[in-house]
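> I have a structure I would like to understand better, so I am pasting it below and will then ask my questions one at a time.
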Amino acid sequence: MEEDGQTVVVCGGGNGAHALIPVLGAGGKRVRVYAPYGDEAERLQRCCLEGGGIRASGRNNRELRCCPEEISRHPSRVISEADLIIMVAPAFSHEAMLEDMAPHLKEDAWVGAMPARGGLEYAASRILARHGKRGVLIFGLQTLPWACRLVTFGREVKILGQKRRVYVGCTPAGRQEGVARALSVNLGMEVCPADNMLAITLGNAGQIIHPGIFYSLVRKRGRFFEEGGVPLFYQSVDEETVELLESMSAEVRCLAGVLEERFFPRLRLNSIVSVREWLLDAYADQIADSTSLASAFRTNRAYEGLRMPVREVPQTNGEAGVFEVDFHHRYLAEDIPFGLLVVKAIASLAGVPTPVINEVIEVTSAWRGVEYLAGGRLEGRDLAGTRIPQNYGINHLETLVEVTLKGQKAW
Ligand code: NAD
């Protein structure tokens, strides 16, 4: 997996996919793209032909460029020779992509997501088992290695900041050292082995940071803003927000502690750190003032200028438009049903209370018009389509640990 000339497939056509393509190209990989969403494959193909490939700027002050050798919406065209397949797209698209790719996967391929978000291992294990692809290795990165934004679709992406290191887990567990080594070479950065996929599911910092800041900002600043008055997202973090983030983080670590104790020595979850440790570690060289967690958020160059997600609300009276908070943004639409809710669901199996996480899930879900929890219990009407283990028939901790470590269960 580490040698030049191997075929890597990037799945997706958004910000992260645009960054990953030139990064892999710079590492000497043969890059193919699987882009099943809308007409993205055709548009990417056309732009790459006209513009000579995708250009990434901002990474280590170098410009990277790559023209993928094949771009298709059809998995049969791009997947069957691939050794490494990386989904770089919001978590709600993973399952459909995996379903479509599974019949074409080589028996010993590695397939994973960057980032995994929560519960990827449950969905992927079930799909691969159904397709008789039990030899395929599933991996997941804890986070996207970069903060990045498209400049021009099919042409240029800006890498705003690169994390110092990222963590990867895999199923079956035990092969993470090799996966981390191979991905380090492919991505040209430090990729460290996490204990296993459960550590990735629980240790996903985005599921705390995004909904936590979102919840805090709407409570303090409301949902409507004048043009020019949309608050900065990370740079608005104050002590009160930090307190919330740290409480959520403490609940996750408490859950991890309970699981480790119950399944010692089979299950290790040492790689899960607090949100504070994660931020200071991931962005060490980009934070100007790390004296407090709030100042670390506010002075992180990679977060500079990023604002609360909003949508313009057209005015009918001819006056200037106002902006309303975008409650359907991935900070909630992805990070709750494919993140925080998965943590809550595992905590329910373990009998560990998570009052602060429950509050953030319940309030933000009401804003979105969805219901996952009722009175703190997993009894909301919109649980289908989320990646909680219960949706995959995992109703006991013992089964959860088996799937985490071996990827196996009688599905
Ligand atoms: P994005 O919003 O740019 O991704 C959109 C792309 O996802 C689409 O262009 C399409 O290719 C794919 N997609 C969307 N819906 C789909 C569907 N129904 N079926 C198939 N494909 C679909 O996202 P991104 O910025 O590239 O982020 C990718 C992942 O990385 C997300 O999980 C995100 O939360 C995470 N992330 C991104 C950043 C960043 O700076 N961009 C930072 C941290 C984490």
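Every read-out reported here was derived from the displayed coordinates using simple, explicitly stated rules and does not represent laboratory data. Here the structure is a predicted model, which is why all the values come from computation and not from measurement. When we count neighbours, we look across all protein chains shown, and the Cβ atoms used for this are built from the backbone with ideal geometry, even at glycine.
> Mind grabbing the base-10 log of I(q)/I(0) for segment 84-133 at q = 0.24, 0.29, 0.30 Å⁻¹? Debye formula, identical points on the C-alpha positions, no solvent, two decimal places.
-0.89, -1.30, -1.37
> In angstroms, what radius of gyration and Dmax does segment 282-382 have, counting Cα atoms only?
According to the Cα coordinates of segment 282-382, Rg and Dmax are 17.9, 55 Å.
> Which helices of the chain meet both criteria: a Cα extent of 30 Å or more along the helical axis and a mean Kyte-Doolittle score no lower than -0.5, with helices taken as whole DSSP H segments?
TM-like helix candidates: 239-263.
> Okay, next question. Tell me, what HN-Hα J-couplings in whole Hz come from the Karplus equation 6.51 cos²θ - 1.76 cosθ + 1.60 at θ = phi - 60° for each residue of segment 78-83, using x for Gly and Pro?
My calculation for segment 78-83 gives 10, 8, 5, 9, 7, 8 Hz in order.
> Provide the packing ranking of 344-350, 373-379, i.e. peptides ordered by the mean count of other C-beta atoms within 10 Å per residue, highest first.
344-350, 373-379
> Work through the residues other than TYR283 whose Cβ is under 14 Å from its Cβ and net out their charges, Lys, Arg +1 and Asp, Glu -1.
Counting the neighbours of TYR283, the net charge comes to 0.
> Can you compute the radius of gyration and Dmax for segment 24-123, using only the Cα atoms, both in Å?
Radius of gyration, then largest Cα-Cα span, for segment 24-123: 14.2, 41 Å.
> A follow-up question, please. What residues have an amide H closer than 5 Å to that of ALA113, excluding those fewer than 5 places away on the same chain, when H is modeled at 1.01 Å from N in the peptide plane?
When sequence neighbours closer than 5 places are left aside, the close amide H contacts are MET87, PHE139, GLY140, LEU141.
> If R₀ is 25 angstrom, what is the calculated FRET efficiency for the pair ARG165 and GLN235, using the beta carbon separation as r and rounding to 0.05?
The formula returns an efficiency of 0.55 here.
> Hey, got the Cα dimensions of the chain along the principal axes, in Å, largest first?
Extents along the principal axes: 55, 52, 43 Å.
> Another one. Check cross-link reach from LYS106 to the lysines: straight Cα distance under 27 Å, and skip same-chain residues fewer than eight apart.
Partners found: LYS29, LYS133, LYS406, LYS409.
> Using the Cα centre of the chain as the reference point, and only Cβ charges (+1 on K/R, -1 on D/E), how large is the resulting charge dipole? Debye, rounded to the nearest 20. Can you show the working numbers first?
Working: 46 positive and 50 negative charges, 123 e Å.
Using only the charged Cβ atoms, the result is roughly 600 debye.
> What's the ranking of 328-340, 387-399, 144-156 by average number of surrounding C-beta atoms within 10 Å, highest first?
Output ranking for 328-340, 387-399, 144-156: 328-340, 144-156, 387-399.
> Sticking with this one: Search the structure for amide H atoms under 5 Å from the amide H of ARG165, placed 1.01 Å from N in the peptide plane, and list their residues when 5 or more places away or on another chain.
Long-range HN contacts for ARG165: none found.
> Using 7 Å Cα-to-Cβ label points, what is the VAL363/GLU63 separation (nm, one decimal)?
Simple spin-label model gives 4.6 nm for this pair.
> Which distance in nm do the two modelled labels at ARG149 and GLU190 give, with both placed 7 Å along the Cα-to-Cβ direction?
2.8
> Using modelled backbone amide H atoms (1.01 Å from N, in-plane), which distant-in-sequence or interchain residues come within less than 5 Å of ARG73's amide H?
Those qualifying (amide H under 5 Å, at least 5 residues apart or on another chain) are ALA35.
> Name the shape class, rounded, prolate or oblate, that the alpha-carbon gyration tensor gives for segment 215-365, where a ≥ b ≥ c are the square roots of its eigenvalues, rounded holds for a/c under 1.5, and otherwise prolate holds if a/b is larger than b/c and oblate otherwise.
Since a/c reaches 1.5 but b/c is at least a/b, the shape of segment 215-365 is classed as oblate.
> Let me ask another. Taking the Kirkwood radius as the inverse of the mean 1/r across Cα pairs, report the Rg/Rh of segment 91-198.
Rg/Rh: 0.99.
> Further question on the same structure: Round to a whole angstrom and tell me the spacing of the C-alpha centers of segment 41-120 and segment 345-408.
Computed from Cα coordinates, the inter-centre distance equals 29 Å.
> Pull out the extension gain between GLU277 and LYS220, defined as 0.36 nm times the separation in residues minus the alpha carbon to alpha carbon distance; nm, one decimal.
Length gained between GLU277 and LYS220: 17.9 nm.
> Find the eigenvalues of the gyration tensor of the Cα atoms of segment 270-315, then list the square roots of 5 times those eigenvalues as equivalent ellipsoid semi-axes, largest first, in whole angstrom. Could the numbers behind the result be given before it?
On the way: eigenvalues 154, 38, 15 Å².
Sorted largest first and rounded, they come to 28, 14, 9 Å.
> Nearest 0.05, what FRET efficiency do ARG311 and GLU177 give at R0 = 45 Å with Cβ-Cβ as r?
It comes to 0.50.
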